[in-house]
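Structure record follows, encoded as structure tokens.
The values are calculated or read from the model by the stated rules, or taken from the named source; none is laboratory data. Being a predicted model, the structure only gives us computed values, none of them experimental. Backbone-built Cβ (ideal geometry, glycine too); neighbour counts: all protein chains shown. These area figures cover heavy atoms from the full protein model, side chains too; ligands, DNA and RNA do not enter into them. Shrake-Rupley method; radii C 1.70, N 1.55, O 1.52, S 1.80 Å.
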Amino acid sequence: MSVNLEPLDLGVPIPYHFRCPISLDLMREPVTITTGQTYDRTSIQSWFAAGNTTCPVTRAPLYDFTLIPNHTLRRLIQDWCVSNGDFGVEQIQSPARPANPSLVRTLLNQASSETCTTQSRISALRSLRRLASESERNRSLIGSYNVRRILLHILFDTDSDCFELKHESLALLVCFSLADSECVSIASEPERIKYLSRLMFHSSIDVRVDSAALIESVVSGTRSLELQAQISSVDDIYGGVVDILKSPVSFPRALKVGIKALFALCLPKQTRHKAVAAGAPAILLDRLNDFEKCDAERALVTIELLCRIPEGLAALAGHALTVPQLVKTILKISDRATANAAAALLAVCSESEECRRKAVAARVLTPLLLVVQSDCTERAKRKAKMLLKLLRESWPQDCVGNSDDFACSELLVPF
């Protein structure tokens, strides 16, 4: 096929047959399955890991899940990347050789053996972490040897005072998803959560972020609201997460992990006041423009959650950035973000006449009218209509008569 698809971030079209049929992205490591269809290795592995047993394109049932590297296609893709380098196309790196199972077993035995020297155990953990960072295949291989049990034992071993060993086990542990039972086991022991909370004040930013990542995994994997609240109530746990969110934009992982952890911790309503006391409202507003799309959505959901308690609502209504940031967010990120921003804006404007004046000054009417007329979610439209009704009395009459924003003012009538 000679069809070309125009990518969003490149100035040159990507040939159709260079794109993965699943992700539609440029294939980095094309592999062929038994039906003869070619996919990017990461995409087809994720397809199989989700429990699918058919070919994504042909829908034919599969009985053999062997992935055969398509070296010819990969060389063609590499040549295309090189020839289009002037258009911003980056060369794809040669895939790392898969880890040797025998080597992985040896390293795990070395890391878990208390008869080995501490330095050799640390070295083994670092080698495993390097292998895990190279590919999903390596992580799957390492994970198949019950590595999480080994790492959890090292991390929470009260008889060991080797912090470097513990920190290396933590860094490797966050490369894997915890089972629900493991999350419950950690959450059920307050001393373990307190230990992780203290690590969020470590001098190393990597240790701090890894600790927050593990806390987020535990909270998210714990279905018990009681255990979630127990974790969120640990002293200084919010303070640690807020400090991580103060990291510079040059460390994007800190922002990503920090907002995920803060959102998870704010789910239990009874502990949200601790988030407010730790300065969560201010840091969320300060960093809102620095988040990627999905993280900005989490930040806005968290802001809305904080608006649902008196302390959070008062803090947000009194912050100078709340109204302008929320107004600027409407229709700029996603439908979900628009709904959350409108809901939070409705809450603070209902609380404060000053916020209503600020919303009017920020020319909120135009985006709200657009929301009402758009294909946004029903929740977003409902919040926008409620907000328009609330602000109707706050808009100066001379502005109403002169502003182009009121060209569609009839929409304000049917509330």
Residue separation between Ile22 and Glu393 times 0.36 nm, minus their alpha-carbon distance, gives in nm 128.4 nm
Using alpha-carbon coordinates alone, the radius of gyration and Dmax of the chain in Å work out to 25.7, 83
Toy charge model, Lys and Arg Cβ at +1, Asp and Glu Cβ at -1: the chain dipole around Cα centroid in debye, rounded to 20, equals 400 debye
Quick P(r) readout (the stretch 210-301; Cα-Cα; 10 Å bins; whole %) gives 18, 55, 25, 2
For the stretch 333-393, averaging the sequence separation of alpha carbon pairs under 8 Å that lie six or more residues apart and dividing by its residue count, the contact order in percent is 48 percent
The answer for the stretch 97-198, accessible area per residue at 1.4 Å probe in Å², is 51 Å²
To the nearest Å², the heavy-atom accessible area per residue of the stretch 254-329 with 1.4 Å probe amounts to 35 Å²
Rounded to the nearest 10 Å², the 1.4 Å probe accessible area of Glu311 is 90 Å²
Rounded to the nearest 500, the 222 nm mean residue ellipticity computed for the chain from DSSP H runs (n ≥ 4, each -39500 (n - 2.57)) alone is -17500 deg cm²/dmol
Taking Lys and Arg as +1 and Asp and Glu as -1, residues besides Ser135 with C-beta under 14 Å from its C-beta add up to +3
Longest principal axis of the chain (C-alpha) makes with the long axis of helix 71-83 (C-alpha) an angle, in degrees to the nearest 10, of 50 degrees
Checked against a 30 Å limit on the C-alpha separation, the offending pairs among Lys256/Lys389; Lys194/Lys269; Lys274/Lys328 are Lys256/Lys389
Quick calc: nm separation of the 7 Å Cα→Cβ label points for His273 and Val249 -> 3.7 nm
Excluding ligands, DNA and RNA, the carbon-plus-sulfur percentage of the accessible area of the chain with a 1.4 Å probe reads 52 percent
Those trypsin sites (Lys or Arg not before Pro) from the stretch 30-104 that are DSSP loop and have at most 12 other Cβ neighbours within 10 Å turn out to be Arg59
